[in-house]
Amino acid sequence: MDILKAIFTRRSIRKFTGEPIKEEDLKTILKAGFQAPSAHNYQPREYVVVRDKETIEKIAEFHTYGKMLPKAGCGIIVCGDKNKQPEIGFLIEDCSASIQNILLAAHGLGLGAVWCGLYSVTKLTEAMADVLNLPENIIPIGMVVVGVKDEDKQEVDRYDESKIHYDRW
């Protein structure tokens, strides 16, 4: 898929067929996540791929906006390692860039995906860290739910020239 077409047509998908994702597609999606830019090239991103039904159910219980996870192919929890990137702002930016790449890769493969936020909601980050048994230095930043989509959405033009400023506000 052409990159500009992917950017302009990607939409958040929340309805899935329940079919598993092909291993080669999952690897491609994860590789795309690793290709995202990283402040100082510290590469603080870590990924937890969740496919275990029991773990998925636990996550869907505590994450209000993750209720679609049990019908998806998997959840990818994008985490940041505070030991690799101590500047929390840069860590969040690195993980967010990775999440965007993951969303675009899933879309480019014809799959559906949606970004479910975690950081900085303490009850979500603590619950996710507990369920996934994350080490102390690993912060769960966001979850991308990925699967074979069971809905299609129309392209939306969000361009808003009134929000563009040149040289100063």
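Laboratory data are not the source of any read-out in this text; all were calculated from the coordinates shown. Because the structure is predicted, anything quoted here is derived from the model rather than measured. Neighbour counts run over all protein chains shown; Cβ positions are idealised from the backbone, glycine included.
The radius of gyration of the Cα set in the chain, together with its Dmax, comes out at 16.3, 52 angstrom.
Label positions at Glu126 and Ile7, each projected 7 Å from the Cα along the C-beta direction, are separated by 4.0 nm. When only alpha carbons are used to place a centre, region 97-169 and region 65-81 end up 10 Å from one another.
Just want to confirm a number: the relative contact order over region 12-151, from Cα pairs under 8 angstrom separated by 6+ residues, in percent. Provide the component values of the computation, followed by the final result.
Working: 283 pairs, mean separation 52.9, N = 140.
After rounding, I find 38 percent.
Applying 1/(1 + (r/R0)^6) with R0 = 41 Å to the Cβ-Cβ distance of His40 and Glu161 gives a FRET efficiency near 0.75.
Counting only DSSP H runs of at least 4 residues, each contributing -39500 (n - 2.57), and dividing by the residue count of the chain, the helix-based mean residue ellipticity at 222 nm comes to -11500 deg cm²/dmol.
Going through the cross-link list Lys5/Lys149; Lys67/Lys153; Lys53/Lys153; Lys67/Lys149, which pairs have a Cα-Cα distance over 23 Å in this structure?
Values: Lys5/Lys149 18 Å; Lys67/Lys153 19 Å; Lys53/Lys153 27 Å; Lys67/Lys149 15 Å.
Check vs 23 Å cut-off fails for Lys53/Lys153.
To the nearest 0.05, what FRET efficiency results for Lys67 and Asp152 with a Förster distance of 22 Å applied to their C-beta separation? Taking R0 as 22 Å, the efficiency between Lys67 and Asp152 is 0.65.
Order these by the 10 Å Cβ neighbour count, fewest first: Met1, Met68, Met143. Don't skip to the end; give the middle numbers.
Working: Met1 14, Met68 19, Met143 26.
With the fewest neighbours first, Met1, Met68, Met143 line up as Met1, Met68, Met143.
Would you kindly calculate the translational diffusion coefficient of region 48-138, applying Stokes-Einstein with the Kirkwood radius from alpha carbon pairs, for 25 °C and a viscosity of 0.890 mPa s, and quote it in µm² s⁻¹ without decimals? Show your work: numbers first, answer last.
Details: Rh = 13.9 Å.
Estimated diffusion coefficient is 176 µm²/s.
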